[in-house]
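Enquirer: Please see the structure below; I have some questions.
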Amino acid sequence: MRLLAENAGGAAVGDDFSTRAEPYRRELLAHCYRMTGSVHDAEDLVQETLLRAWKAYDRFEGKSSMRTWLYRIATNTCLSALEGRQRRPLPTGLGSPCADPTAELVERAEVPWLEPLPDPSDPADPAVIVGSRESVRLALVAALQHLSPRQRAVLLLRDVLQWKAAEVAEAVGTTTVAVNSLLQRARTQLEAVGPSTDDRLTPPDSAEAKDLLDRYIAAFEAYDIDRLVNLFTSEAIWEMPPFVGWYRGAPDIIALIHQHCPAESPGDMRLIPLTANGQPAAAMYMRIDGVHVPFQLHVLDVTGEGISRVVAFLDGALFPKFGLPRCL
């Protein structure tokens with residue numbers, strides 16, 4: 001932003017804009033992520049939002065807060081970008097029954113799959129408050145994909161950001177009556193596709209979640225897959241986009257890993273603990289030709305009963321987004 005301003009001969013204006021807008025970058029990223037389900041798209045849309053805002057900054061009259069003004073621009077930037085795009089599902093959202101763990105894996109690389117979101121490294125970041133853990137959990141973001149973009153926008157502005165109906169109407173260019181109608185339909189559709197969040201989820205910084213994640217990592221690194229049985233709940237779900245199959249129950253999950261995991265001995269897998277979407281997570285590296293390279297990024301649902309879901313993303317392009325090394 002500053003470079004653009006200097007090139008245009010408006011260094012002072014650019015500096016002022018950057019100073020006022022930069023504190024909102026992270027929460028705008030969370031907002032664009034909730035709208036799109038993609039951290040890659042969200043980053044591009046935040047850049048586009050800030051560019052549009054900088055170009056219009058001389059017309060910003062201060063009738064609303066800087067934050068509200070930026071959210072309005074970000075929302076409309078997302079709505080424009082989402083026109084004609086497919087929704088981003090997880091395998092469980094495709095409508096197919098759970099798969100046979102011994103069958104061949106079916107990959108659909110052409111599907112624009114849902115992506116995970118790195119958690120902010122600074123606990124004082126505004127996104128911790130505005131983009132709370134519950135509002136970026138994978139289950140909620142996956143459920144939002146069942147809504148139209150305008151329904152998503154209205155639901156997020158009303159229920160997550162707590163805007164008034166009149167503010168939302170002005171932001172998306174419609175009436176308060178239309179906003180209330182869109183909100184009601186959005187809430188109904190979310191209930192129909194299943195719970196958007198699980199209040200029983202254990203925070204990733206709790207001692208229980210950290211202990212369970214440590215044991216999960218230890219089992220993989222020791223290549224003692226059978227040890228995982230006691231970590232999963234009875235109805236645990238495992239899914240791993242871009243493969244379309246999903247699996248229910250510890251026995252099927254263990255059978256799947258035994259059948260399809262390329263590891264052969266202890267040390268073939270190394271995992272780095274982290275957090276994503278306000279949940280415990282781990283980056284898995286697989287040893288290939290003597291080097292551990294990015295393989296999967298696991299995001300876990302952890303409850304008091306154990307691990308209830310794992311989404312294992314097979315996308316090496318996600319690793320840099322989490323600040324992870326290219327190899328170990």
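The values are calculated or read from the model by the stated rules, or taken from the named source; none is laboratory data. Given the structure is predicted, the values throughout are model-derived calculations rather than measurements. Here the Cβ is made from the backbone with ideal geometry for all residues, glycine too, and neighbour counts use every protein chain on show. Quick note on the areas: whole protein, heavy atoms, side chains included, nothing else; ligands and nucleic acids left out. Shrake-Rupley method; radii C 1.70, N 1.55, O 1.52, S 1.80 Å.
Enquirer: Picking from Glu239, Glu235, which residue would you name as being buried (at least 19 other Cβ atoms within 10 Å of the Cβ), of a type in the set (Asp, Glu) and in the same structural domain as Pro273 (by the TED database)?
Expert: On the way: Glu235 fails: buried (at least 19 other Cβ atoms within 10 Å of the Cβ).
Testing whether each residue is buried (at least 19 other Cβ atoms within 10 Å of the Cβ), of a type in the set (Asp, Glu) and in the same structural domain as Pro273 (by the TED database) leaves just Glu239.
Enquirer: More than 24 Å from Glu170 (Cβ to Cβ) and in contact (Cβ under 8 Å) with a residue 24 or more places away in the chain: does that describe Pro97?
Expert: Values: more than 24 Å from Glu170 (Cβ to Cβ): yes; in contact (Cβ under 8 Å) with a residue 24 or more places away in the chain: no.
Judged against the criteria, Pro97 is not a match.
Enquirer: Have a look at Arg227, Arg287, Arg270 and point out the one that is under 26 Å from the mean Cα position of the chain (by Cα) and surrounded by fewer than 22 Cβ atoms within 10 Å (Cβ to Cβ).
Expert: Values: Arg227 fails: under 26 Å from the mean Cα position of the chain (by Cα); Arg287 fails: under 26 Å from the mean Cα position of the chain (by Cα).
Criteria check complete, one pass: Arg270.
Enquirer: Another one. Hey, can you tell me all the residues within the stretch 244-278 that are of a type in the set (Asp, Glu) and within 16 Å of Ile288 (Cβ to Cβ)?
Expert: Keep residues of the stretch 244-278 that are of a type in the set (Asp, Glu), which gives 252, 264, 268.
Selection gives Glu264, Asp268.
Enquirer: Can I ask one more? Take Leu79 and tell me if it is open to solvent by less than 30 Å² (accessible area, probe 1.4 Å), assigned to a helix (DSSP H, G or I) and closer than 20 Å to Arg158 by Cα. Walk me through it before giving the result.
Expert: Details: open to solvent by less than 30 Å² (accessible area, probe 1.4 Å): yes; assigned to a helix (DSSP H, G or I): yes; closer than 20 Å to Arg158 by Cα: yes.
When the stated conditions are applied, Leu79 passes them.
Enquirer: Is there any pair with a first residue in the stretch 200-214 that is without any contact (Cβ under 8 Å) to a residue 60 or more places away in the chain and a second that is among the hydrophobic types (A, V, I, L, M, F, W, C) and open to solvent by less than 90 Å² (accessible area, probe 1.4 Å) whose Cβ atoms are under 8 Å apart and which are 6 or more apart or on different chains, and what are they?
Expert: Qualifying pairs under 8 Å: none.
Enquirer: So how many residues does the stretch 156-172 have that are within 15 Å of Ala74 (Cβ to Cβ) and assigned to a helix (DSSP H, G or I)?
Expert: First pass over the stretch 156-172, keeping only residues within 15 Å of Ala74 (Cβ to Cβ): 156-157, 160-161, 163, 167-168, 170-172.
After this cut, where a residue has to be assigned to a helix (DSSP H, G or I) as well, the list is 156-157, 160, 167-168, 170-172.
Residues that pass the stated criteria total 8.
Enquirer: Could you look through the stretch 57-71, keep only residues that are in a helix (DSSP H, G or I) and open to solvent by 50 Å² or more (accessible area, probe 1.4 Å), and pick out the one that is nearest to Thr19 (Cα to Cα)? Walk me through it before giving the result.
Expert: We begin by selecting, within the stretch 57-71, every residue in a helix (DSSP H, G or I); these are 57-59, 66-71.
Then keep just the ones that are open to solvent by 50 Å² or more (accessible area, probe 1.4 Å); that gives 58-59, 67.
On the way: Asp58: 15, Arg59: 17, Arg67: 13 Å.
Among residues in the stretch 57-71 that are in a helix (DSSP H, G or I) and open to solvent by 50 Å² or more (accessible area, probe 1.4 Å), the one nearest to Thr19 (Cα to Cα) is Arg67.
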